[in-house]
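Encoded as structure tokens, the structure appears first; notes follow it.
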There are 2 protein chains.
Amino acid sequence: MGKNGLKRLLVVEDDRPIAELLKHHFSSAGFTVTTTTDGDEALILIDEIKPDLVLLDWMIEGTSGIEVCRRLRRSAHTAKLPVIMLTARGEEDDRVRGLETGADDFVAKPFSPKELVARANALLRRSQPNLIGEKLSYGGIEMDTAAHRVRRDGQPVNVGPTEYRLLQHFLRHPERVFSRQQLLDIVWPHNEEIELRTVDVLVRRVRVALGPGPDLLRTVRSEGYSLDQAK
Amino acid sequence: MGKNGLKRLLVVEDDRPIAELLKHHFSSAGFTVTTTTDGDEALILIDEIKPDLVLLDWMIEGTSGIEVCRRLRRSAHTAKLPVIMLTARGEEDDRVRGLETGADDFVAKPFSPKELVARANALLRRSQPNLIGEKLSYGGIEMDTAAHRVRRDGQPVNVGPTEYRLLQHFLRHPERVFSRQQLLDIVWPHNEEIELRTVDVLVRRVRVALGPGPDLLRTVRSEGYSLDQAK
DNA sequence: ACATTCATGTCACACAGCTGTCAGAGCGGG
DNA sequence: CCCGCTCTGACAGCTGTGTGACATGAATGT
């Protein structure tokens with residue numbers, strides 16, 4: 001897993017539009033996405049960037065998707081690397097063969113990007129149990145997403161649902177400024193007709209909830225807020 | 001994006017009443033709206049007016065909506081152009097196919113104009129974000145645009161928004177002289193009716209903020225300023 | 001079903017920090 | 001030594017943010 005809780009994803013897909021589509025959706029879902037169109041390059045990239053998950057098109061240039069998957073399974077280093085296979089054909093045969101080669105999941109085109117993201121996250125949760133109980137921490141704040149619990153310096157912290165999501169987002173992307181609008185888009189399920197200033201209030205509530213000690217939610221005037229130790 | 005922050009929108013819809021409805025609502029929401037009923041004409045218009053967003057009906061004359069979308073994605077120039085698909089049918093199949101072709105969002109008729117506007121704005125926000133964190137540095141000054149933070153020789157530097165933008169511009173173009181007028185145009189959002197001398201003051205404030213040590217902001221008499229190590 | 005508690009979004013007001021401008025002093029080149 | 005340009009400190013106005021209170025609505029417990 002990358003820093004900041006960002007999940008690294010490698011997309012191996014030679015249909016550029018689809019690759020772009022995937023990149024876009026997975027980026028939005030909090031993945032760091034690398035793409036390649038070539039099977040051999042994929043194997044090299046996997047060594048280099050050590051992704052947490054691979055999306056593998058069935059039919060690609062160079063070494064075929066199915067072959068890439070086999071090789072991954074053969075090497076101890078990558079034997080457990082989660083792989084989702086993509087195929088243009090929806091026949092059961094392919095599905096069976098795909099899973100036989102060691103793919104963890106198998107999605108037929110056309111697919112729904114949302115569903116694919118959901119499956120990817122489900123797979124990550126399964127294959128990296130520490131993800132289901134994601135342990136986020138920064139500057140003395142600890143969040144256990146499994147227990148849905150937050151502590152600061154060991155002391156329990158009480159936050160409401162929205163405050164929790166806000167804090168979680170900051171913990172996943174520390175030391176990075178988000179505008180009020182971005183936070184609304186990300187943290188609020190239905191962001192329509194919600195005042196920007198509401199974010200201020202929520203930030204304050206999180207601050208209060210976190211109790212005394214250094215204020216870790218830095219206000220960046222005219223920009224937004226960030227989770228940050230340094231004042 | 002057009003001047004005045006007006007967002008250009010192209011509506012491709014052959015049901016005139018609906019097109020009018022859309023035009024009306026999006027105009028109210030601050031969009032400059034162009035409409036067409038024909039897919040082929042849409043492609044031409046997109047080249048001409050370079051919209052920031054396209055609303056694309058599924059079923060239209062000429063080249064179908066789905067095909068228009070595919071072509072947009074194929075061309076590098078328009079590959080990232082945000083597209084929202086509209087369809088009369090609400091079936092998941094269409095939704096999947098719509099997204100597969102590269103549409104960024106998909107709205108089924110009948111739709112709520114308000115919601116559509118909200119989604120359009122959300123999409124625009126997401127498609128033109130400053131997500132990448134630039135690391136700028138020069139002569140001991142470091143700027144992390146993601147964290148919105150500046151250091152000099154490791155020491156945190158406190159600057160206001162305008163000073164930040166000024167410094168950022170210098171860091172992006174070091175060792176290069178900019179006139180006061182140029183700096184006003186670049187750094188100031190609304191540069192109307194602002195005195196040239198004001199730049200002097202801002203430069204000074206940045207100098208002060210950068211603390212002791214060599215003055216990296218070189219005054220070029222009767223020309224302007226530049227970020228420069230050599231005195 | 002009801003009562004109660006909790007969470008949430010909004011507002012009004014207070015406050016702090018930022019911003020643009022000015023006038024006078026300082027500086028450098030010719 | 002003079003002229004033109006730049007630096008500096010002060011200041012008033014303004015924008016953006018912090019804060020407490022409140023009404024509403026959802027969730028919870030009885």
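Nothing in this text is a laboratory measurement; each read-out follows from the coordinates by a stated rule. None of these values were measured; they are calculated from a predicted model. Cβ placement follows ideal geometry from the backbone for every residue including glycine, while neighbour counts extend to all protein chains displayed.
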Per the helix-only model, the protein assembly as shown has a calculated mean residue ellipticity at 222 nm (DSSP H runs of ≥4, -39500 (n - 2.57) each, divided over all residues, rounded to the nearest 500) of -12000 deg cm²/dmol
In the structure shown, of B:80/B:109; A:7/A:50; A:7/B:135, the pairs separated by more than 18 angstrom at the C-alpha atoms are B:80/B:109; A:7/B:135
One decimal, nm, nearest first: from residue A:221 to the same residue in each other copy, label points 7 Å out along Cα→Cβ, the values are 3.5
If labels are modelled 7 Å from Cα along the Cβ direction, residue B:115 lies from its partners in the other copies at nm distances, smallest first, of 2.1
The convex hull of the Cα atoms of the protein assembly as shown, divided by residue count, gives a volume in Å³ per residue of 185
Once phi for every residue in segment B:61-78 is put through the Karplus expression 6.51 cos²θ - 1.76 cosθ + 1.60 (θ = phi - 60°), the whole-Hz ³J(HN,Hα) values, with Gly and Pro written as x, are 5, x, 5, 5, x, 5, 6, 4, 4, 4, 5, 4, 5, 6, 7, 4, 5, 10
Note: residue B:118 to residue B:38 extended length (0.36 nm per residue) minus current alpha-carbon separation gives 26.3 nm
Here the whole-number average of other chain Cβ atoms within 10 Å per Cβ of B:115-123 is 2
With Cα coordinates, the longest principal axis of chain B makes an angle with the long axis of helix B:113-127, in degrees rounded to 10, of 40
Low-density loop trypsin sites (Lys or Arg not before Pro), segment B:115-185, at most 16 other Cβ within 10 Å, DSSP non-H/G/I/E/B, are B:176
Other residues with Cβ under 11 Å from the Cβ of residue A:203 give, with Lys and Arg +1 and Asp and Glu -1, a net charge of +3
Counting sequence-distant residues (5 or more places) and residues on other chains, those with an amide H built under 5 Å from that of residue A:11 are A:34, A:35, A:36, A:55
Contact order relative to length for chain B, counting C-alpha pairs under 8 Å separated by 6 or more residues, stands in percent at 12
Between residue B:194 and residue B:24, the two model label points (7 Å from Cα along the beta-carbon direction) sit apart by a distance in nm of 4.1
